[in-house]
1. Using amide H atoms built 1.01 Å from N in the peptide plane, name the residues 5+ places from A:Ala88, or on other chains, whose amide H lies under 5 Å from its own.
2. With a cut-off of 20 Å, note down the residues of segment B:67-82 whose backbone N falls inside the zone around a label point 7 Å from the Cα of B:Ser101 toward its beta carbon.
3. Which distances, shortest first and in nm, link A:Ala77 to the matching position in the other copies, using label points set 7 Å out along Cα to C-beta?
4. Dipole size in debye (nearest 20) for the protein assembly as shown around its Cα centre, Lys and Arg Cβ +1, Asp and Glu Cβ -1?
5. For A:Asp125, which inter-copy label distances result when the label point lies 7 Å beyond Cα on the Cα-to-Cβ vector, reported in nm to one decimal and in ascending order?
6. Count, for each residue of A:91-103, the Cβ atoms from other chains sitting within 10 Å of its Cβ, then give me the mean as a whole number.
7. What's the longest piece of chain A with no exposed trypsin sites (Lys or Arg not before Pro), counting a site as exposed if DSSP puts it in a loop and it has at most 16 other beta carbons within 10 Å?
8. Can you give me the three principal axis dimensions of segment A:1-143 from its C-alpha atoms, in Å, biggest first?
There are 2 protein chains.
Amino acid sequence: MSHSGQEPSELFQLIQALRRYAEVADRTIDAAGHRSGLHRTDLRALTILMQRQAAGLNTSPTDLGRMLSLTSASTTALVDRLVANGHAQRTPSTTDRRRVSISHTDTAALDGRKIFMPMARSMADRLSEFTPEQMETAIEVLAAATEALDTFETPGPSPTNAPS
Amino acid sequence: MSHSGQEPSELFQLIQALRRYAEVADRTIDAAGHRSGLHRTDLRALTILMQRQAAGLNTSPTDLGRMLSLTSASTTALVDRLVANGHAQRTPSTTDRRRVSISHTDTAALDGRKIFMPMARSMADRLSEFTPEQMETAIEVLAAATEALDTFETPGPSPTNAPS
DNA sequence: GGCAGATATCTCGATCATCGAGTGAATGCA
DNA sequence: TGCATTCACTCGATGATCGAGATATCTGCC
């Protein structure tokens, strides 16, 4: 809406395109996860676990819950689910006997690929028509949009029972 | 992963960027809706209602449920919620007394803007650094990616109690 | 005109993810 | 040693969703 008067159309259309893509991606991921018996929170949790595990970080239930904006109760239930269907495991800390480390299993990594690979392939097929320069531009725009959204809300501090 | 050998990096990075954006957008929208007491399904429903209403289409509970992949039971509950918090209203059809048309209220449109406008503004601020040509490119890439995901799964026909 | 089947919406009981509050054990500080 | 804090978990409740079916209305056919 509000613009200085130069090129309103492109910016508006771009934001619209971003919105539409987010919508469709969300729906598609949800559906794909659903087919594999994984709910959206479980998918998010596994994504986080994989990223952190790949980065050499270990993840406590508290960490996971905070990153997903879940209460400790929900986090326990979430980890229970993941453990029950073989996608994660609990490893007690040796130094602090209250602490538990959550790590994803190989099955989880495999199932994750099984869910995301078809989507990635479909996109790759369609997107390979663009030139590297165009891709580069799109990457930069996406990064900027992501950053804008990411810095949009600062999670703020959280007491033991976190969200809301 | 699989590529012919020319420029693996850009395409891969692009898909990665799309994935990351989807993730952050999802989380942000979810959080924003949560703050306004609207759950993701309600938000989706309102989005659909606004689009269709703007296009001059009217929407039955069956339509809405099908587009959201909900059962008729869930759809009734959804519409009940929307009506209860003043975001939608039921209008019985004059020609077929079994039929009901769902339409969003002005409050809903207002609340929708209240939720999405800050995000859009934040993105607009950040994205206005790009040239119209770059935006154009990004729009095309996003459209292609959206299309790839959208045609990814054909919903297929659905009996009275739809999903799963 | 009237009845059988189709269609649209809603109701009922159950399941499951999440929440708020609180418990018990382990830790660290005074 | 004593006490507040931290961490993971348990319990009861809430609410979105589901599957199955009830109810009302419409349509086609005799």
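1. The list, which skips near neighbours in sequence, is A:Val83, A:Thr105.
2. B:67, B:76, B:79-80, B:82
3. The projected label point of A:Ala77 is separated from its counterparts by 1.3 nm.
4. Working: 34 positive and 38 negative charges, 357 e Å.
With only Lys, Arg, Asp and Glu charged at Cβ, the dipole is about 1720 debye.
5. 4.1
6. Working: counts 0, 0, 0, 0, 0, 0, 0, 0, 0, 0, 0, 0, 0.
Mean shielding count: 0.
7. Working: sites that count: A:Arg97, A:Arg98, A:Arg99.
By the stated rule (loop sites, at most 16 other Cβ atoms within 10 Å), A:1-96.
8. Dimensions of segment A:1-143 along the principal axes of its Cα atoms: 62, 35, 27 Å.
Here, each number is a calculation from the coordinates, and none is a lab measurement. Computed from a predicted structure; not experimentally measured. Cβ coordinates were reconstructed from backbone atoms using ideal geometry, including for glycine residues, and neighbour counts include every protein chain displayed.
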